[in-house]
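See structure below.
The values are calculated or read from the model by the stated rules, or taken from the named source; none is laboratory data. All values reported here derive from a predicted model rather than from experimental measurement. All Cβ positions, even for glycine, are placed from backbone atoms using ideal geometry, and neighbour counts span all protein chains on display. The area values use the complete protein model at the heavy-atom level, side chains included, leaving out ligands, DNA and RNA. Shrake-Rupley method; radii C 1.70, N 1.55, O 1.52, S 1.80 Å.
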Amino acid sequence: MRLLVLLAIGMTGAVVSAWGLPRGGRAARITALVGVAALAGVTGAAFLLRTGRLTDTGQPITGPFDAHLVVTGFLRMVVGLWGLESLVLVVLAVLLGGLPRLRGLLPATLAALTGGTVAMASADLAVGAAAAAGTGLAGLIVILAAQGPSAVAAGARELCVTLATGAVLLVAMAIVPLAARLALIASGVGLDEATETASTVAGPALGLVILAVAAAVAARWGMPPFHVRVSRLTDLVPPETLPLLIAWTAVPLTVVAFAVVDRFIAPLALPLDGERALILLAAVATLAGASLAAYFHDDLRHAVGYLVIADAGLLLLAIAALDPAAWGPGRAWVVALAASKTALGAWAAVAEDRFETRSLPELRGWMRRSPLLSAAAVITAVATFGLPGWVALQARVDLAAGVWGSPWGELLLLAGFLTLPTYLRFARLGLGRATSRVDRAAPERIVRRRKPLESLRVEQESPAGPTIVGGEMTTGPMGIATSMIRSAATGSLAGVGRAKAMTRGAVASARGALARSSPAGAATPGQPAADGGVPAAGDPVVEDIRGRDIAMAETGAMAETGAMAAITESAEPADVAGATGLRARVRNLSRSRTRAGMPAMAAGFGARLGAAGARLTGVLRRDRTELLSGAVLALAILAALTSWGALDLADAAAEPAPIILSGTTD
Amino acid sequence: MTPVLILVAGLLVMGGIAAVAAATPRLAVLGLLLALTGAAYVVEPVPGPLALGVRLAGTTLGTYLVWIALRRAPGGLPASSMGWTGSAVIAVAAFTAGFLAAGTLGAALAGGSPEGPGTGGVASALIAGSLVPRAALGASLALAALAVPQVVLARDTLRLGVGLMLVLAATGLASNALYGLPDPVEDLALALLTAGAGAGTAALVAASIRRGGELVIRDSLRPDAPIRHRAADEAHRTVVS
């Protein structure tokens, strides 16, 4: 049932966000919220999935899908991790460009998550292959939403590779049982004519099947000669969508391909050395070629794209091994690959945005200006290669050793580290002398924040005179009035926009009134009075403000008209025109609220929500640089945890897939 | 029933020929509909009404989405690389090759030892000598032969999408011939994939029309030239006319 809930949430969120986001305005905001909530729901539902449930009599509980979709630990881990990383990517996209950046990313992510869940949960390989092919179609949502002139060509390539790889897997699954039967006949169990025919067909058929499966995986990940698709994609789509398009959408098809090999082909133990050698050559060519391309490319996005391709080359080793022992390391590596490349793609997106360039030579000195981003990059590199004892490194070793033994295993392991020079190049550039682009970029400010203004109201009892913090008076009557008005504005029932306008007017009025009422002359904002003193404690204005301040603090809330009236009364001398205007605005506002008949509670909640939203927007604008770096750091930490083996990755990857309905039953 | 199913196999091949050789978008989509609809039937034993209904629904939805996307399409397609005659010849040749190969395959499978393990239901109709799986394999090869050039050498979005959907139909036919009657859940999955492929094709076609008012795929490196533009043939036709 939980799986059904997960699929329903994902599909609904995808449809709603795909419908609403392109419309802009209020519809986009609402559907974005719905989409993000759906994404959070899918992530939560994934972690709540239960595996291995049995009835009282010990039979497996089949659930509403009647055992066609089965929950496994691997599924729970992959979907949960994918959802978590997608949530961070969504936040990243909003910080980078607001709601328009979610237009393709959010619905595509939800659609891909839903399709990928079906593919990886399927107990029937044909269904899994069809679902994996359908998952790839989600990429079209991002590609066709892009504004570049080559979007149609890129979409054509994506459609082509998605459906063609799915079709290849489906045909492979139809051919293999037949070829297996022919192989059995070829071993001499049949008539002479049949044996002769079978022996000429069985071997080549199975060889073609294994090559086709490897080609399908290679095409999906963009390995040579299918790398043009990835190269064009990196130029076209927003960089924060690259992890989804070139990594996560390929994971379900790869998992199904591994299942095809493990379930159908590996158990036959046929001598397919020629085909294995071809796949091995393709893997080495990918590892070496893509690593070289990544190192020599001066375009950041292209370099990242080729790094993804290079590391994906290790997946071919899992196919070439033709050994059930490669099942676990292969699945572990595909998850670690997707997680680490998500962090890498996010780092590239933030670096490009911050320094306003994709050119690597112009990024010289980037590490000096961005400590958080630097830490994220270092952690990502560590997550990519892994440390001794980590699941990622062990998967590399097992995949390399599983194909042909020594010394080829050592050479393949070494080839897997050919991307290390590219990461070192990023670091060397980062530590160099900063270019003008890097120099003028906003630095990360890791400083202690000042306390929020609300808490300063408690400190306003000090009789020593006004205290100036941040160029603004925070104690004394002017500070009292200022903070009170600000508190009133933020807690006001009048809505954010109106509260701000009224606050500005009220502050100006109050300061002017207090300055004119000061016995020692005008006191300018942020400065003590000319004679060094402040209005006496017995001053009626001060007492009035302080009294209302205490009342507000005690109740914690204020009625709309009462609060604003209190402010205007306390701040208004008879001859201050601004305060009169403010009172009129408050009166009109009260009348409009009364006419609308809005219940006070609902209006209060809505206004507080709006005020919270305004505060959040302010924080996002002010701390955008740090938040972006923090998001990348979060992804890097997630990748590192995955590489280390969090969520029991090694065991989950090694558990057998729930293939119980497909294949022959001999 | 067998002669009817063989006739259906022939009709779906004709639909495939129309889908790749048609000069107008609507005729191409009609040919696609015929090919996809017929592909669900050419299997022995014939699937139940539920499975057939599901496949029909997926096919109809997929082709209808493409039909809708062609509302503002230009009236004509770029010239077909094979033309009607070439497509027909290729389809007939592939059908014949598939039909004969299926016969040899069936004979080889049937020659297994009677004391040995059974086929586990794999290709039982083929082993029994039925003509339906032979026709299915022939139709599958014919559709594949027609569709692969449209995919590999794609010049316009409609033919690319049509080619990919014909590839899916060929996949289903091959599975019918070599494996036998699919599971109803597999039918559902294939129907959903067909509908999804239609949706993807429709989106691509609509994007192509919206951006450039045409269906031609233009490579970003050469924005003014269609992919694999066969200038020589165009010039030859111009001189002759």
Counted residues in the range B:47-85 being surrounded by fewer than 15 Cβ atoms within 10 Å (Cβ to Cβ) and either among the polar types (S, T, N, Q) or without any contact (Cβ under 8 Å) to a residue 60 or more places away in the chain (or both) come to 6
Across (1) in a helix (DSSP H, G or I); (2) farther than 30 Å from A:LEU268 by Cα; (3) of a type in the set (Gly, Ala, Ser), A:GLY389 clears everything bar (1)
Report whether or not A:ARG368 is surrounded by fewer than 18 Cβ atoms within 10 Å (Cβ to Cβ) and charged (D, E, K, R). yes
Picked from the range A:414-424 (must be assigned to a helix (DSSP H, G or I) and open to solvent by 30 Å² or more (accessible area, probe 1.4 Å)), the residue farthest from A:LEU344 (Cα to Cα) is A:LEU414
Note: among B:LEU158, B:LEU215, B:LEU181, just one is more than 7 Å from chain A (Cβ to nearest Cβ) and open to solvent by 30 Å² or more (accessible area, probe 1.4 Å), namely B:LEU181
Counting only residues in the range B:24-46 that are surrounded by 19 or more Cβ atoms within 10 Å (Cβ to Cβ) and over 12 Å from the mean Cα position of the chain (by Cα), the one farthest from B:ALA195 (Cα to Cα) is identified as B:GLU44
The condition of being part of a helix (DSSP H, G or I), among the β-branched types (Val, Ile, Thr) and within 26 Å of B:VAL185 (Cα to Cα) holds, among B:THR96, B:THR85, B:THR37, only for B:THR37
Open item on the list: Among the residues of the range A:352-365, are any within 17 Å of A:ASP311 (Cα to Cα), within 18 Å of the chain's Cα centre (by Cα) and assigned to a helix (DSSP H, G or I)?
Closed with: no
Counted residues in the range A:155-168 being more than 9 Å from chain B (Cβ to nearest Cβ) and crowded, with 24+ Cβ neighbours inside 10 Å come to 1
When restricted to B:ASP187, B:ASP233, the only residue open to solvent by 20 Å² or more (accessible area, probe 1.4 Å) and either modelled with pLDDT under 85 or more than 9 Å from chain A (Cβ to nearest Cβ) (or both) is B:ASP233
For the range A:209-262, the count of residues that are outside any helix (DSSP H, G or I), more than 14 Å from chain B (Cβ to nearest Cβ) and surrounded by fewer than 24 Cβ atoms within 10 Å (Cβ to Cβ) equals 2
B:LEU192: passes all of (1) open to solvent by 40 Å² or more (accessible area, probe 1.4 Å); (2) more than 9 Å from chain A (Cβ to nearest Cβ); (3) not small (Gly, Ala, Ser) but (2)
**Request:** Considering every residue within the range A:405-413, establish whether at least one is touching a residue at least 40 places away in the same chain (Cβ under 8 Å), closer than 26 Å to A:PHE258 by Cβ, crowded, with 18+ Cβ neighbours inside 10 Å and over 23 Å from the mean Cα position of the chain (by Cα).
**Result:** yes
Test: B:THR104 is open to solvent by 40 Å² or more (accessible area, probe 1.4 Å), within 14 Å of another protein chain (Cβ to nearest Cβ), at pLDDT 80 or above and within 23 Å of B:PRO3 (Cα to Cα): yes
* Return yes when A:LEU307 is surrounded by 23 or more Cβ atoms within 10 Å (Cβ to Cβ) and not in a helix (DSSP H, G or I) and no when it is not. => no
Residues of the range A:93-128 being hydroxyl-bearing (Ser, Thr, Tyr) and more than 9 Å from chain B (Cβ to nearest Cβ), in sequence order, are A:THR109, A:THR114, A:THR117
For the range A:425-439 the number of residues that are open to solvent by less than 20 Å² (accessible area, probe 1.4 Å) and of a type in the set (Lys, Arg) is 0
Going through (1) in a helix (DSSP H, G or I); (2) at the interface with chain A (Cβ under 9 Å from one of its Cβ atoms); (3) more than 13 Å from B:ALA40 (Cβ to Cβ) one by one, B:ALA147 fails only at (2)
Considering the range A:129-154, residues that are within 9 Å of chain B (Cβ to nearest Cβ) and assigned to a loop (DSSP other than H, G, I, E, B), and then whichever is most open to solvent (accessible area, probe 1.4 Å), we arrive at A:PRO149
Screening A:VAL71, A:VAL118 for residues that are of a type in the set (A, V, I, L, M, F, W, C), open to solvent by 20 Å² or more (accessible area, probe 1.4 Å), out of contact with any Phe, Trp or Tyr (no Cβ under 9 Å at 6 or more places or on another chain) and assigned to a helix (DSSP H, G or I) leaves only A:VAL118
Residue count, the range B:124-143, condition within 13 Å of another protein chain (Cβ to nearest Cβ), surrounded by fewer than 24 Cβ atoms within 10 Å (Cβ to Cβ) and small (Gly, Ala, Ser), comes to 2
